[in-house]
Amino acid sequence: RGVAKAHLLVRETNTGVVAFYEQLGFATAPRVMMAKWLNAPP
(Lines give C-alpha, C1' and ligand atoms only; values in the text may rest on other atoms or scores of the structure.)
Protein backbone atom coordinates (compact mmCIF):
# COMPACT_ATOMS: atom_id res chain seq x y z
CA ARG A 1 0.00 0.00 0.00
CA GLY A 2 3.00 2.29 -0.11
CA VAL A 3 3.22 2.90 3.63
CA ALA A 4 6.84 3.63 4.50
CA LYS A 5 6.65 4.01 8.26
CA ALA A 6 4.25 3.30 11.13
CA HIS A 7 4.20 5.18 14.44
CA LEU A 8 2.74 3.91 17.71
CA LEU A 9 2.06 5.91 20.85
CA VAL A 10 2.65 3.75 23.91
CA ARG A 11 3.13 4.93 27.47
CA GLU A 12 6.69 4.16 28.58
CA THR A 13 5.29 2.66 31.79
CA ASN A 14 3.38 0.06 29.74
CA THR A 15 6.39 -2.23 29.60
CA GLY A 16 4.45 -5.29 28.45
CA VAL A 17 3.18 -3.53 25.34
CA VAL A 18 6.60 -1.96 24.67
CA ALA A 19 8.19 -5.43 24.82
CA PHE A 20 5.48 -6.86 22.55
CA TYR A 21 6.09 -4.30 19.82
CA GLU A 22 9.87 -4.62 20.19
CA GLN A 23 9.46 -8.32 19.38
CA LEU A 24 7.66 -7.26 16.20
CA GLY A 25 10.65 -5.15 15.16
CA PHE A 26 9.57 -1.73 16.41
CA ALA A 27 12.20 0.43 18.11
CA THR A 28 11.81 3.22 20.62
CA ALA A 29 12.53 6.71 19.33
CA PRO A 30 13.24 9.85 21.36
CA ARG A 31 10.24 12.12 20.96
CA VAL A 32 8.42 14.77 22.93
CA MET A 33 4.65 14.69 22.87
CA MET A 34 2.88 17.75 24.18
CA ALA A 35 -0.80 18.28 24.93
CA LYS A 36 -3.00 21.07 26.20
CA TRP A 37 -6.65 20.94 27.21
CA LEU A 38 -8.59 23.59 25.30
CA ASN A 39 -11.69 23.00 27.38
CA ALA A 40 -12.14 21.38 30.75
CA PRO A 41 -10.99 17.75 30.66
CA PRO A 42 -13.79 15.23 30.16
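Here the range 1-41 has 57 percent of its accessible surface on carbon and sulfur atoms, given a 1.4 Å probe and all protein chains in place. 3J(HN,Hα) along the range 3-20: 7, 8, 8, 10, 10, 10, 10, 10, 5, 4, 7, 8, 5, x, 6, 4, 4, 4 Hz, from the Karplus curve 6.51 cos²θ - 1.76 cosθ + 1.60 with θ = phi - 60°, whole Hz, x for Gly and Pro.
In this structure the chain gives 112 Å² per residue of accessible area when probed at 1.4 Å with all protein chains present.
Set against the labelled values [x] 14.1, 39; [y] 11.2, 36; [z] 11.2, 34, Rg and Dmax of the Cα atoms in Å computed from this structure falls on [x].
The values are calculated or read from the model by the stated rules, or taken from the named source; none is laboratory data. Worth saying up front: this structure is predicted, and the values here are computed from it rather than measured. The accessibility values were calculated without ligands, DNA or RNA, using every heavy atom of the protein model including side chains. Shrake-Rupley method; radii C 1.70, N 1.55, O 1.52, S 1.80 Å.
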